[in-house]
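K.L.:
Would you mind keeping the following structure in view while I ask a few things?
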Protein chains: 2
Amino acid sequence: MPTSKDVARLAGVSQSTVSYVMSGRRPISEKTRKRVEDAMAQLAFQPNAGARALASRRSQVIGLAIPFVPDLHRGSMMGFISVIAASARQSDYDILLVTDDEGPQGLERVVGQQLVDGLIIMQVEGDDARVPVIRNLPVPSVLIGIPEKHEGLKCIDADFELAGQMCVEELAKLGHETVTLVNWQDAVVRRRVNYVKRFHHGVDKAGAATGAKIIHVPGRATIAGMEKAVANALEQTKGVPAFIAPEAANQDLLVEALNNLGLVLGKDVSVVVNCSDSLAERQRIPLTTIDFEPDQVSRRVVQMIVHDLTEPTSRSHEALELIRPVFKHRKSTIRPRPQR
Amino acid sequence: MPTSKDVARLAGVSQSTVSYVMSGRRPISEKTRKRVEDAMAQLAFQPNAGARALASRRSQVIGLAIPFVPDLHRGSMMGFISVIAASARQSDYDILLVTDDEGPQGLERVVGQQLVDGLIIMQVEGDDARVPVIRNLPVPSVLIGIPEKHEGLKCIDADFELAGQMCVEELAKLGHETVTLVNWQDAVVRRRVNYVKRFHHGVDKAGAATGAKIIHVPGRATIAGMEKAVANALEQTKGVPAFIAPEAANQDLLVEALNNLGLVLGKDVSVVVNCSDSLAERQRIPLTTIDFEPDQVSRRVVQMIVHDLTEPTSRSHEALELIRPVFKHRKSTIRPRPQR
DNA sequence: ACGCATCGTCGATACGCATCGACAACCCAA
DNA sequence: TTGGGTTGTCGATGCGTATCGACGATGCGT
């Protein structure tokens, strides 16, 4: 493998000049710059990452803490990861995975070894065990999700409260007087991810504001359970029923349950779910969705940590940024009554 | 951050001794070892990864090339990634992501920079653009998937041919005379991942061997398309119909289509799909599955590359290893006719 | 013509660890 | 008792890059 010294020799300059050509931290004449760049190209030179990290004390790598995820949450997680990795590259950073089964000390390890310059923490729970750890770490970090105690932390997340509000408001606008919220599954609720709470809060708030009655039913893992929950909700419903199922895993169950009851989406009942556009559109009746914009969240997270890493001076102390979700009308919600 | 020199000073030994305590490459007396280890613990010493990589010429990092994945494939991909990352850690390696939108030269970059000691390539297609690149790379690599030209490469994959065989054999054993294979969606087939072909081959082979008639229908993205495909297949079916839907994305569509036709799974019709156990079991009628054992594949891949990295001597030239799938009987296949 | 600041380049050094050669201390066999 | 091997430790050096101080060359105003 060629080194910068080889490049220097070929270009007839000193090694330090080669280094300055790469970093641009000192002026270099057009002539030498060209000579050096030609030499680099000719040798297919790539700077050694280890040496660079050793000398500069920065690795140009960001650690990505991925949680252990059961099955269903996985699809969305993958979206985050690939967008994060791609955006990081655009700022000349690489992504190193830190899995949860190494425990929070995995974070201490990668930072202690100076393998990473900063951390992105995914799927942060209300009382996440990783939070106290990163507080004491000497590198910047950004969280996806919002823990209970987030003073002094940088958090980004979808605005779940606003999402809940938007759903109810849109449904109320369509004329629904009763809205049923199908909760996340117990397993998720138990994990104390507080976005569930935030979504609920938005729903209730908008319910109060619009006068819509809100019914809460638990998210069920089986079709039978879902049918019972739906039947239960229908009994308490006034007017055309509307359902919100923000957890992706519930979506097919809800749709199937309504089908089995003979209710046609977009005609007898309105349904709002959360899933990708492509999935929503390949349904028999394309589903109206509330989109939490995971790509936006991912990009913003990277942007934020890269900022902290490149401008250590203007580093803000803390931040809490909520990404605005998007409500996408499709065919699973009834059209507004004709205004006479 | 403490360095090995600090540890040495505190322990009253030389820096090289500290290094030998860590690596074990020279004998160290019990007494000094203890002194050094105490000093390390006291200072919470962690060796600097950059310096270590520079001096030892190995980074203890494996690059993981993840493809761009549309939506549906994502859930399974996430399973691979987390198992790979976790297994790698058990062998003291970390995982660095290499996304596909950097193109194949992303691989050249991480290797050229000596950021990684080896590569794992996921979702390898028949004529994958990354294959010619890694052939010329001076580090070992292992592929998940099997490209057309795989001489001199190390490939691991599920045994899709055997999987196809197993499905047909099991269904034939249950008394089915006709078996319908719901193909992957066009988008997948077009990607030239040749596991589709291999699965087909297994199905056809077992069809010939058992005398079962095999019907092929295209995988459809919509429920309407699926209903048509199913109806079509039923017309050509003799006896109790059986369906195999190896692509996860087709599974719900197939089940829904059969429901709509009034066919009860496990009674009027047999269905075999490919999905996770938990997903299969939360259906109204638990689904019989063919499990491609992604965790096994992931672990084996890591094991293989770690072997190549740690025993450069006994490095095998090439390898093609197929992981045996598992057929899991549940309730969506009819029970064998009572043997009189 | 002079002094002075800026530009462009070089040499030297540090970064933290792994590894090699050297060597002292020790053990055992002859 | 001595010689040869083993065990345990040290000092020195190298890995490839970034960066600092130095310094000659150049341009400017007066």
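K.L.:
Just read off the accessible area of A:SER19 with the full protein assembly in place, 1.4 Å probe, to the nearest 10 Å².
P.N.:
Around 50 Å² of this residue is reachable by solvent.
K.L.:
Then there is this: Kindly provide the helix-only [θ] at 222 nm of chain B, computed as the sum of -39,500 (n - 2.57) over DSSP H runs of four or more divided by all residues, to the nearest 500 deg cm²/dmol?
P.N.:
Dividing the helical sum by the residues of chain B leaves -13500 deg cm²/dmol.
K.L.:
Considering every residue in A:86-96, what mean count of other chain Cβ atoms within 10 Å of its Cβ is obtained?
P.N.:
Going residue by residue through A:86-96 and averaging, the value is 4.
K.L.:
Accessible area, 1.4 Å probe, largest first: how do B:THR288, B:THR3, B:THR17, B:THR313 sort? Don't skip to the end; give the middle numbers.
P.N.:
Numbers: B:THR288 0, B:THR3 65, B:THR17 35, B:THR313 125 Å².
Largest accessible area first, the list is B:THR313, B:THR3, B:THR17, B:THR288.
K.L.:
Given springs between every Cα pair under 10 Å in a Gaussian network model of chain A, which of A:VAL297, A:VAL230, A:VAL124 has the largest fluctuation?
P.N.:
A:VAL230
K.L.:
Shifting gears a bit: Tell me the accessible surface of B:SER14 in square angstrom (1.4 angstrom probe, heavy atoms of protein chains only), to the nearest ten.
P.N.:
For B:SER14, solvent-accessible area is about 60 Å².
K.L.:
Now a separate question. Where in region A:297-338 are there trypsin sites (Lys or Arg not before Pro) that are in a DSSP coil and have at most 14 other Cβ atoms within 10 angstrom of their Cβ? Show your work: numbers first, answer last.
P.N.:
Numbers: sites: A:ARG299, A:ARG300, A:ARG315, A:LYS328, A:ARG330, A:LYS331; in loops: A:ARG315, A:ARG330, A:LYS331.
The qualifying sites are A:ARG315.
K.L.:
Continuing with this model, one more query. Tell me the Rg and the Dmax, in Å, that the Cα atoms of region A:160-292 produce.
P.N.:
Every Cα atom of region A:160-292 included, Rg and Dmax give 13.4, 36 Å.
K.L.:
Same structure, new question: Go through region A:125-173 and name the trypsin sites (Lys or Arg not before Pro) that are in a DSSP coil and have 14 or fewer other Cβ atoms within 10 Å of their Cβ.
P.N.:
Answer in residue order: A:LYS149.
K.L.:
Pull out the extension gain between B:ARG315 and B:VAL264, defined as 0.36 nm times the separation in residues minus the alpha carbon to alpha carbon distance; nm, one decimal. Present the calculation step by step, with values, prior to reporting the outcome.
P.N.:
Numbers: separation 51, 0.36 × 51 = 18.36 nm, distance 5.28 nm.
So the chain would gain 13.1 nm between B:ARG315 and B:VAL264.
K.L.:
If we sort B:257-265, A:158-166 on the protection proxy, mean other Cβ atoms within 10 Å, highest first, what's the order?
P.N.:
Details: B:257-265: 16.6, A:158-166: 23.1.
The densest-packed peptide leads the list: A:158-166, B:257-265.
K.L.:
Shortest first and in nm to one decimal, what separations exist between B:ASP38 and its copies in the other chains, measuring from label points 7 Å along the Cα-to-beta-carbon line?
P.N.:
Its label point is 6.3 nm from the equivalent points in the other copies.
K.L.:
List, in the order given, every pair from A:LYS149/A:LYS197; A:LYS173/A:LYS197; A:LYS197/A:LYS328 whose Cα-Cα distance in the structure shown is over 20 Å. Before the final figure, lay out each step's value.
P.N.:
On the way: A:LYS149/A:LYS197 15 Å; A:LYS173/A:LYS197 24 Å; A:LYS197/A:LYS328 22 Å.
Pairs exceeding 20 Å: A:LYS173/A:LYS197; A:LYS197/A:LYS328.
K.L.:
If the cut-off is a Cα-Cα distance under 12 Å, which aspartates and glutamates reach A:LYS238, setting aside same-chain residues fewer than 8 apart in sequence?
P.N.:
Those aspartates and glutamates meeting the cut-off are A:GLU177.
K.L.:
Give the separation of the Cα centroids, region B:213-283 to region A:34-106, in Å.
P.N.:
Spelled out, the Cα-based centre of one part sits 42 Å from the other.
K.L.:
What are the principal axis extents of the Cα atoms in chain A, in Å, biggest first?
P.N.:
84, 41, 34
K.L.:
Across 10 Å bins from 0, what is the distribution of all Cα-Cα pair distances for the protein assembly as shown, in whole percents?
P.N.:
Whole-percent P(r) values from 0 Å outward: 3, 13, 21, 23, 19, 12, 7, 2, 0, 0.
K.L.:
Ordered shortest first, which distances in nm separate the 7 Å Cα→C-beta label point of B:GLY175 from those of the other copies?
P.N.:
5.3
K.L.:
Here's another thing I want to ask about it. At what distance in nm do the modelled label points of B:GLU148 and B:MET22 sit from each other, each positioned 7 Å from its Cα along Cα→Cβ?
P.N.:
Distance between the two pseudo-spin positions: 4.8 nm.
K.L.:
Over region B:113-161, with a single point scatterer placed on each C-alpha, what log10 of the ratio I(q)/I(0) does the Debye formula yield at q = 0.12, 0.31 1/Å?
P.N.:
Computed log10 I(q)/I(0) values: -0.24, -1.35.
The values are calculated or read from the model by the stated rules, or taken from the named source; none is laboratory data. Since we're looking at a predicted model, the values are computed, not measured. Cβ: placed from backbone, ideal geometry, glycine included. Neighbour counts: every protein chain shown. Quick note on the areas: whole protein, heavy atoms, side chains included, nothing else; ligands and nucleic acids left out. Shrake-Rupley method; radii C 1.70, N 1.55, O 1.52, S 1.80 Å.
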